[in-house]
């Protein structure tokens, strides 16, 4: 490992250990915040500031990728051009809105309320169709007991949640939905979440050991 | 129970896990472990072979698990897999591309691809291969869709923190008739992916990817530690149920 790699690994492990110690022993036995807790809060605040700068770097990356597409006249270059133009326009509006231009401020919030919000809502609506289609395909792809149970459960939850036309709430269905959500689905979800928790723990330990180094250097 | 006592218990669990991981890493060198077969990983290896032979590309989507949130662990598991996959496809013509919905994660994916490219025969690194595609769930998905559709992708790996928007990515991959392996730490996303992906991974299988793709001895050791901790949790739950039962019948 190069000197740079050793340096970044040592820093990552040291700060990881400090944050972990602060998380575990951030409060004294008397209930007051300990030095480790204060240190953890400070490090996390610095991390939040760095994450803010990372957004700026990420946006520059987005710009480079789409500018490259436009320059090389790749497929979808037209959409990339729209993205780049809207990025600059929104950036400019955001800057001007910061300096209290009332018209620009309403225009800036209008960009989100009239363009971004409806588009994201439309994508959510599209998701419903996508999921119905995926459910039909599921039986074609793997016709087994688990898939059938999955679809029946999804159907029962759906009919138990939404009110029926002319009938309103059907008590048997809503009770059945409650039972499924509370017992079989709840138990399964807790089992999965315990597994995810254990996976999170060991992943964190591998990073503290310096085995997984996403910040450069070979993994080992 | 006070916060301090909870901290002590947490420290005990972490310390025990760390010791066990060290022990199993040392023992692994004597006897290689045997894991249950997960067909998704076998098919992933086959898909990687096809990527190298066809001269097509591999796309790894890392989700939007911000590094200062608990969801970062799934993103880290995704980065480890990205690193391993980049090494495995290094003999191919095209380096893999990585998309993410968090800026810091995008920077880490670039770093991961850069390091993997140094280890490859060509040593070529494309800075545009690690991309931020959007900062909100749906803008991230919308930004990743063109990558799946237009960039000669033959295998997609969705590994990290996704919400239900993962269905849009899975649908796009299905339309392109490409191999798709997907895993998320989010319960809703797992349900959605189960319905819409060829090879879904459920629960902790996400964190097993490194061990199954030979990412290192600590990965296999962590799987064994997870198994031991799972049994400990089962014992604790059963003892808890027994104590409650004995209290209910008036014996305790």
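Every number in this text was worked out from the coordinates using simple rules, so none of it is lab data. Source: prediction; values computed, not measured. Cβ placement follows ideal geometry from the backbone for every residue including glycine, while neighbour counts extend to all protein chains displayed.
Before moving on, here are some points about what is shown:
- Fluctuation leader among B:148, B:234, B:38 - chain B, Gaussian network, Cα springs under 10 angstrom: B:234
- Taking Cα atoms only, the orientation of helix B:72-88 departs from the longest principal axis of chain B by about 50 degrees.
- Cα-Cα pairs of the protein assembly as shown separated by more than 43 Å (percent): 20
- Shielding value for B:209-219 is 3, the average number of Cβ atoms from other chains within 10 Å of each residue's Cβ.
- Inter-chain shielding of B:231-244 (mean C-beta neighbours from other protein chains, 10 Å cut-off): 1
- At full extension, residue A:74 and residue A:175 could sit 30.9 nm farther apart than now, given 0.36 nm per residue minus the alpha carbon distance.
- Within a Gaussian network of chain B (alpha carbon springs, distance under 10 Å), most fluctuating of B:110, B:226, B:190: B:226
- Principal-axis analysis of the Cα atoms of chain B puts helix B:3-28 at an angle of about 60° to the longest axis.
- GNM flexibility winner over chain B from B:183, B:34, B:18 (Cα, springs under 10 Å): B:34
- Ranking of B:219, B:59, A:98 by count of other Cβ atoms within 10 Å, fewest first: A:98, B:59, B:219
- Chain B: angle of helix B:137-150 to the longest principal axis, Cα-based, in degrees nearest 10: 40
- Sorted ascending by nearby beta carbons within 10 Å, beginning with the fewest, B:212, A:79 become A:79, B:212.
- By the helix-only formula, in which each DSSP H run with n ≥ 4 contributes -39500 (n - 2.57) and the sum is divided by residues, chain B has a 222 nm mean residue ellipticity of -19500 deg cm²/dmol.
- The protein assembly as shown - share of DSSP beta bridges that are antiparallel (%, nearest 5): 10
- Ordering A:138, A:62 from the fewest to the most neighbouring beta carbons within 10 Å gives A:138, A:62.
- By average C-beta atoms within 10 angstrom, highest first, the peptides A:18-25, B:97-104: B:97-104, A:18-25
- Anisotropy class assigned to the stretch B:35-215 is rounded, per the alpha carbon gyration tensor with a/c under the 1.5 cut-off.
- Partner shielding of B:89-99 amounts to 0, given as the average count of beta-carbon atoms from other chains within 10 Å of each residue beta-carbon.
- Gyration tensor (alpha-carbon) shape descriptor, chain A, a/c threshold 1.5: oblate
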